[in-house]
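One structure is given below, encoded as structure tokens.
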Amino acid sequence: MKKFLPVLFFVFSSILLNAKPWDMFVDLTIESTYNSNILKLSDTDISRFKNENDTEKFKIDTLDDLVISAKAVTGIKHRKFFGHTQITKITLKYDKYINNEMKDEIMIGFGLRQFFSRKVNLYLGYFYYPQIYVNRYRGVLDDAYHDFTYAKNVYTGKLTWKFYPKININYKFEFSQIYYDKCFTEYDADNLEHTLGFTYSASSKVRIGARYSYKISTADGEDAFENLTEIDVIKDASYEANIYNLSFTFPMIFFINKLPLDFSTSIRFEQRYFQSENAGDEYHLGRNDETWQVKGDLEYPLSDKWKLNGFTRFEKRVTDSPYFDVETEKEYDLYEMGLSIIISL
């Protein structure tokens, strides 16, 4: 990773210096979000936290929190290659949790979109997350609680084809690498995801989108340990998943001061099937998860340079497992609501 970032920076800088003429742009986003359940805790864990039954497990100060986010996107737009528009971007994002700083998160991303014609374009992207905090769990070597955190690399490519004046078809490929804290290396995983989607502009006021994704996550499991005799239970978090997404966008639902108020909503449903065959691996053996997510967004342009966006999200996970305790520990629900300001410089 340390060697890869300078290479990306060099490539981006080379394009910046040689792609004349170019248009440079900067977009800034300031966002505040309320999250009702930052660790996605089950009702059982919420009760344990409130009753202070297991203080070593819960190092958070509050179940909910206010998150202040700042995102900067800078890039260039030019026609240096292939005679068609190319857009190259760098993205930096920082999430600050007001009451629970261990959840603070940073993301850096690089993206390139190349248009080959008015109908076909290709997007390539890379994103890096240095640390994502999940929760605290017991390690298999010492049975003590440790922070369950991971770093993530995400590589993605998306090909979009304007199949018909009102229909866009796209295929997305994503590969990600997950690296957990040294106490949980059995959860290190490679993820592979294929997505096929389309959008249909039914009219100037309605746009419909649908996507299907198939994802395979292969965890290290027993490969993470040099001496398996030290391990009582080998945990295998590998899974396969089907992901369905349906969205509706109403670009000009009504006007305020002659400016359109855009409304969009989406529903996401994921079926996750864990692949563990290890006896004693109660958290994964025979376990299936179903996760629902419903989102809504309202966007209002304050001017040519400023936009105001309000949003809400509800998420719920239902777990099916041969072990009742796993079901009660892994099921959760949460909601978010927030407001953001987008500034184009």
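The values are calculated or read from the model by the stated rules, or taken from the named source; none is laboratory data. Because the structure is a prediction, the values reported are computed rather than measured. FYI the Cβ positions are ideal-geometry reconstructions off the backbone, even for glycines, and counts take in every protein chain you see.
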- Mind listing whichever residues of region 94-126 are over 27 Å from ARG136 (Cβ atoms), surrounded by 17 or more Cβ atoms within 10 Å (Cβ to Cβ) and touching a residue at least 60 places away in the same chain (Cβ under 8 Å)? PHE110
- In region 185-194, what residues are part of a helix (DSSP H, G or I) and either in contact with a Gly (Cβ under 7 Å, 6 or more places away or on another chain) or under 17 Å from ILE243 (Cβ atoms) (or both)? GLU186
- Task: Within region 279-300, track down each residue that is assigned to a strand (DSSP E or B), under 30 Å from VAL326 (Cβ atoms) and at pLDDT below 90.
- Result: none
- From the residues in region 259-278 that are among the hydrophobic types (A, V, I, L, M, F, W, C) and modelled with pLDDT under 95, which one is farthest from PHE311 (Cα to Cα)? LEU259
- Task: List the number of the failed condition for THR195; all other conditions in (1) under 21 Å from the mean Cα position of the chain (by Cα); (2) among the β-branched types (Val, Ile, Thr); (3) over 22 Å from TYR239 (Cα atoms) hold.
- Result: (3)
- Message: Can you confirm whether PHE49 is part of a loop (DSSP other than H, G, I, E, B), at pLDDT below 95 and not β-branched (Val, Ile, Thr)?
- Response: no
- Message: Quick check on my filter: what residues within region 82-101 are among the hydrophobic types (A, V, I, L, M, F, W, C) and at pLDDT 95 or above?
- Response: ILE90, LEU92, ILE98
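A quick yes/no check of all residues on (1) without any contact (Cβ under 8 Å) to a residue 24 or more places away in the chain; (2) of a type in the set (Asp, Glu); (3) surrounded by 14 or more Cβ atoms within 10 Å (Cβ to Cβ):
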position	(1), (2), (3)
THR33	no, no, yes
ASN37	no, no, yes
LYS40	no, no, yes
LYS50	yes, no, no
PHE58	no, no, yes
ASP61	no, yes, no
ALA70	no, no, no
- Task: Identify all residues within region 198-238 that are under 19 Å from the mean Cα position of the chain (by Cα) and among the aromatic types (Phe, Trp, Tyr); write none if there are none.
- Result: TYR212, TYR214
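Which of the residues spanning region 82-93 are surrounded by 14 or more Cβ atoms within 10 Å (Cβ to Cβ) and in a strand (DSSP E or B)?
Those that are surrounded by 14 or more Cβ atoms within 10 Å (Cβ to Cβ) and in a strand (DSSP E or B): GLN86, ILE87, THR88, LYS89, ILE90, THR91, LYS93.
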- Query: Can you name the number of the only condition in (1) in contact with a Phe, Trp or Tyr (Cβ under 7 Å, 6 or more places away or on another chain); (2) within 16 Å of ARG272 (Cα to Cα); (3) surrounded by 16 or more Cβ atoms within 10 Å (Cβ to Cβ) that LEU192 fails?
  - Reply: (3)
- Only residues that are within 22 Å of the chain's Cα centre (by Cα) and among the hydrophobic types (A, V, I, L, M, F, W, C): list them for region 33-59, please. ILE38, LEU39, LEU41
- Would you point out which residue out of SER303, SER264, SER276 is among the polar types (S, T, N, Q), without any contact (Cβ under 8 Å) to a residue 40 or more places away in the chain and not in a strand (DSSP E or B)? SER303
- Taking region 57-73 only, how many residues are touching a strand residue (DSSP E or B) at 6+ places or on another chain (Cβ under 7 Å) and at pLDDT 95 or above? 10
- Note on the structure: Only unsatisfied item for ILE90, checking (1) of a type in the set (A, V, I, L, M); (2) free of Cβ contacts under 8 Å to residues at least 60 places away in the same chain; (3) touching a strand residue (DSSP E or B) at 6+ places or on another chain (Cβ under 8 Å), is (2)
- Query: Can ASP320 be described as more than 23 Å from the chain's Cα centre (by Cα) and at pLDDT 95 or above?
  - Reply: yes
